[in-house]
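J.: Just dropping this structure here.
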Amino acid sequence: MYQGRGFRVGRSIRRRHESEEESIVLNPDLGVTGVLREVLPILCRQDGIPKGRRLGYLNSAVKAIGKINTRNNIKKSHSKDEQSNVFEDALPSKANGTSPPSQLDFGEEILSREQYFFLLRCCLVHEGKEIRAAGLRLMRYLVQMPEDVQALKTVNAVPLIIRCMDIMVDNEIERVQSLRLARRMLLVAPDIFPLALARCLAAIARDGAKERDRLLRSALATLNEMAILNTGVFVNCGGVSVLLHNVLDRAMPRINEALLGAILFLLNTPEWRPHCMQLHQILAPFSDFHYKHTSYDLDYYSKSEERELRTQAGRLAVLVALRSWPGLISFCQPDTSALKSLVALLYLNHEDTTKAIIELLYELFRIPMGEWTSDFDEALAEHLSFSTCDTDLWRLHEGFVAAEARVVLPHIAKYRPNLIQNHLALVLYTLMCVDLFPALCEVIVSSSTPLSVRTTILL
């Protein structure tokens, strides 16, 4: 009977902590500084405050500041000067204030933006991961202007953010909040984004596959945004090599296209073009029959599966590059060496590589591919039965009605040039200049029957 009473007492204590967290409500009418003056005395005390109470104040502050930010966004009459002074609004008087008694008393002193962030740093060194995550979340809600990002850098909070993001000890919620704060800083003030934080993101994106880090794709997406918003920091943190490394690590068309899109953006800018000379490395899975992408072995892939993954990722990457003007021009320099090496691979007696290049040419020139067969008449009949339009683009998650209308409805302009056909014509002419047709004839003569039939249809 005594044991049962003890069990009920433990449950009642836990429920009391939960109800205490839910009962904390902060008034948004106090303003940002008023809410922070309510919260900081609790957060800055080392002893005597349970973790549930700290977490409750942090979550209530986030809700109150979120309402304040929403209210400020709705009001169209506020000028930029008024919005930048969110930390200097009217302070609540002592008579109306509901601040709990503590060892920390601000009085009527007006604290600066840097001082508020300096006091909030105590959340990032707390022993509880929930408190650190809630502190990062509160900082993210407070970052609204470039001055806020500069204040975070001034009080040296960036190393603490990096620490929260870099440690992998069952603290995913903390790492996610730190990444969201970094992305918020990038969107609010890209020109002053910290280089140290960018290097942390690059490190996660570089070795995330080895550690099976669930933050890998989010870090890649943030680096992609950084390549557009702050190209200087992106290049200095090694982002180009990181994105190119992950291009061959992902056999997913949308991810490959997004990663290469950032590299092609840099290629299209004369200032950053010299930093993207490594683009030709996406041809490595074709030219190296024993290609090894990493210095370590992946436990979740066999050697044949990894080889197939790299080849498929390289095929998608080359396809994206050749379908863009910067990528095509890069492959043609110097002296079309990259395209010559790609075509020369057709002369080698390596069927897997030859098959991948033939499939690449089919997709490049938008030729529908049928089933592998040894009967030429059957393959030709199947090819002629295909429609000239790609009906897969009519699906709901693709182009849907707009894609179908472009095919079915006639264009209103009679003499308007088709830029896609012009680009494909230039690609074909460039491949003809590097002797593609003799290479295809060699494949037809020397390869297996199914590959020979498919190459004949292509030619």
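The values are calculated or read from the model by the stated rules, or taken from the named source; none is laboratory data. All figures in this text were calculated on a predicted structure; none of them were measured in a lab. Backbone-built Cβ (ideal geometry, glycine too); neighbour counts: all protein chains shown. Please note that ligands, DNA and RNA were not included when accessible areas were found on the heavy atoms of the full protein model with its side chains. Shrake-Rupley method; radii C 1.70, N 1.55, O 1.52, S 1.80 Å.
J.: Is the shape of region 114-229 rounded, prolate or oblate, going by the alpha carbon gyration tensor and its root eigenvalues a ≥ b ≥ c, with a/c under 1.5 for rounded and a/b larger than b/c for prolate?
T.: Oblate, since a/c reaches 1.5 and b/c is not below a/b.
J.: Kindly write out, for region 198-210 in residue order, the coupling ³J(HN,Hα) from the Karplus curve 6.51 cos²θ - 1.76 cosθ + 1.60 (θ = phi - 60°), rounded to whole Hz, with x marking Gly and Pro.
T.: Each residue of region 198-210 in turn: 5, 5, 5, 5, 5, 5, 5, 5, 6, 10, x, 5, 5 Hz.
J.: Within region 35-64, list the residues whose amide N lies under 19 Å from a label point set 7 Å along Cα→Cβ of Arg180.
T.: Within reach of a label on Arg180: 54-64.
J.: Okay, next question. Quick check: with the 1.4 Å probe, what order do Leu244, Leu160 take by accessible area, largest first? Each step should come with its number before you reach the end.
T.: Numbers: Leu244 0, Leu160 35 Å².
Correct descending sequence by accessible area is Leu160, Leu244.
J.: To continue, here is another question. Just need the relative contact order of region 298-384 here, percent rounded to a whole number, with Cα pairs under 8 Å and 6+ apart.
T.: Working: 36 pairs, mean separation 19.9, N = 87.
Normalised by residue count, the contact order of region 298-384 is 23 percent.
J.: If you stretched the chain out fully between Lys63 and Arg163, how much longer would it get, using 0.36 nm times the residue separation minus the C-alpha to C-alpha distance?
T.: Details: separation 100, 0.36 × 100 = 36.00 nm, distance 2.57 nm.
Taking 0.36 nm per residue and subtracting the Cα distance, the gain is 33.4 nm.
J.: In whole percent, and with a 1.4 Å probe on the protein chains, what portion of the accessible area of region 171-222 is carbon and sulfur?
T.: Numbers: 1070 of 2350 Å².
Within region 171-222, the accessible surface is 46 percent carbon and sulfur.
J.: In square angstrom, rounded to the nearest 10, how much accessible surface does Cys44 have for a 1.4 Å probe?
T.: Roll a 1.4 Å probe over it and Cys44 shows about 50 Å².
J.: Mark the label point 7 Å from the Cα of Asn73 along Cα→Cβ and return the residues of region 183-209 whose backbone N is within less than 20 Å of it.
T.: 183-190
J.: Another question, then. Work out, step by step, the length gained on full extension between Leu426 and Thr269: first 0.36 nm times the residue separation, then minus their alpha carbon distance; give nm to one decimal. Please report the intermediate quantities before stating the final value.
T.: Numbers: separation 157, 0.36 × 157 = 56.52 nm, distance 2.19 nm.
Gain on extension, Leu426 to Thr269, equals 54.3 nm.
J.: When you count, for each residue, the other Cβ atoms within 10 Å and take the mean per peptide, how do 167-177, 201-211 rank with the highest first?
T.: Details: 167-177: 16.3, 201-211: 19.5.
Descending packing order for the listed peptides: 201-211, 167-177.
J.: Okay, next question. Which ³J(HN,Hα) values, rounded to whole Hz and listed in residue order, are derived for region 213-219 from phi using the Karplus coefficients 6.51, -1.76 and 1.60 in 6.51 cos²θ - 1.76 cosθ + 1.60 with θ = phi - 60°, glycine and proline given as x?
T.: Along region 213-219, the couplings run 6, 6, 8, 4, 5, 5, 5 Hz.
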